[in-house]
Amino acid sequence: MQVLAVVPARGGSAAIPRKNLAEVGGKPLLQWAVESALGGARVSRVIVSTDDEEIARLAQRLGAEVPFLRPAALAASDTPMLPVLQSLAVELRVREGYQPDVIVLLQPTSPLRRASHIDEALELLAATGADSVVSVVPIPHQFVPGAALRLEAGRLRPYEPGPAATRRQDKPLLYARNGPAVLATRLDVIVAGSLYGDDSRPYVMDPHESVDVDTPFDLEVADWLLRRHR
């Protein structure tokens, strides 16, 4: 199975300027992502998708490929990830005749992700025959819908109708995508117009591995965890 790891790292960022180059745990965010991808035993090739020359140079020094820069039209803050991957797949096919079986998307904003997470997600994809495998994290029990509250005329009311569960063990176990840190999808699913397909399976990660860096506070949390656990 040919697996292409794609690290998306555009140059712009709103909350954290030049976020993908921001240092955390002694390394730029981009480096954590590239190193985890290169360490994956099931990963065949690692490409960084960027519109930025500085990011491209760093990616190449780290051992990743940047065969071409991402078009500016696909590097805006509101650009969805699906067309980025579709465009990359088309360019690789046209330029090189290269078509992987699976694309595994690795966001630089998940620096606690390890190579073992990537390999285990890919193993699950192969074993199940699913369209995709996406990393998730359990939602803390106090944040599930049955425990949520809303304001009504200044008063707290249950978000969901009916009696609210107060004991943790009575609340449902729910999950949320953690970035996602890992998203492995078959190429034909992406070409058909979906990141996940109809059959998407969960790869569960621990909360401390699931920090998704979006704000300066997230950066501080990730830095503390990396220096403590690495």
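Below, the figures for the structure above:
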| read-out | value |
| --- | --- |
| Residue that is nearest to Ser194 (Cα to Cα), among those in region 44-83 that are open to solvent by less than 20 Å² (accessible area, probe 1.4 Å) and under 16 Å from the mean Cα position of the chain (by Cα) | Ser49 |
| Cβ-Cβ under 6 Å pairs, at least 6 apart or on other chains, region 18-46 side free of Cβ contacts under 8 Å to residues at least 60 places away in the same chain, far side acidic (Asp, Glu) and open to solvent by less than 40 Å² (accessible area, probe 1.4 Å) | none |
| Members of region 128-161 that are crowded, with 17+ Cβ neighbours inside 10 Å and not in a loop (DSSP other than H, G, I, E, B) | Ser132, Val133, Val134, Ser135, Val136, Val137, His141, Gly146, Ala147 |
| Arg230 vs. criteria closer than 22 Å to Val7 by Cβ and modelled with pLDDT under 95 | yes |
| Tally of residues being under 28 Å from Val211 (Cα atoms) and among the acidic types (Asp, Glu) across region 61-117 | 2 |
| Subset of region 3-33 that is in contact with a strand residue (DSSP E or B) (Cβ under 6 Å, 6 or more places away or on another chain) and of a type outside the set (Gly, Ala, Ser) - its residue that is surrounded by the fewest Cβ atoms within 10 Å (Cβ to Cβ) | Leu21 |
| Residue match in region 30-49 (condition: in contact with a His (Cβ under 8 Å, 6 or more places away or on another chain) and of a type in the set (Gly, Ala, Ser)) | yes |
| Pick from region 34-43, criterion in a loop (DSSP other than H, G, I, E, B) and open to solvent by 30 Å² or more (accessible area, probe 1.4 Å), ranking: nearest to Val102 (Cα to Cα) | Arg42 |
| Pair list, Cβ under 6 Å, 6 or more apart: region 99-128 residue over 21 Å from Ala222 (Cβ atoms) and in contact (Cβ under 8 Å) with a residue 40 or more places away in the chain, other residue among the polar types (S, T, N, Q) and not in a strand (DSSP E or B) | Pro100/Gln2; Asp101/Gln2 |
| Residues within region 93-118 that are part of a helix (DSSP H, G or I) and buried (at least 19 other Cβ atoms within 10 Å of the Cβ), tallied | 2 |
| Counted residues, region 54-88 - those being assigned to a helix (DSSP H, G or I) and either within 17 Å of Pro108 (Cα to Cα) or of a type in the set (A, V, I, L, M) (or both) | 17 |
| Single unsatisfied condition, Leu174 versus (1) under 30 Å from Ala14 (Cβ atoms); (2) among the hydrophobic types (A, V, I, L, M, F, W, C); (3) surrounded by fewer than 13 Cβ atoms within 10 Å (Cβ to Cβ); (4) at pLDDT below 95 | (3) |
| Cβ-Cβ under 7 Å pairs, at least 6 apart or on other chains, region 175-190 side closer than 26 Å to Ile139 by Cβ and in contact (Cβ under 8 Å) with a residue 24 or more places away in the chain, far side open to solvent by 10 Å² or more (accessible area, probe 1.4 Å) and among the aromatic types (Phe, Trp, Tyr) | Val182/Tyr203; Thr185/Tyr196 |
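The values are calculated or read from the model by the stated rules, or taken from the named source; none is laboratory data. These numbers come from a predicted model, not from an experiment. Positions of Cβ are backbone-derived with ideal geometry, glycine not excepted, and every protein chain shown enters the neighbour counts. These area figures cover heavy atoms from the full protein model, side chains too; ligands, DNA and RNA do not enter into them. Shrake-Rupley method; radii C 1.70, N 1.55, O 1.52, S 1.80 Å.
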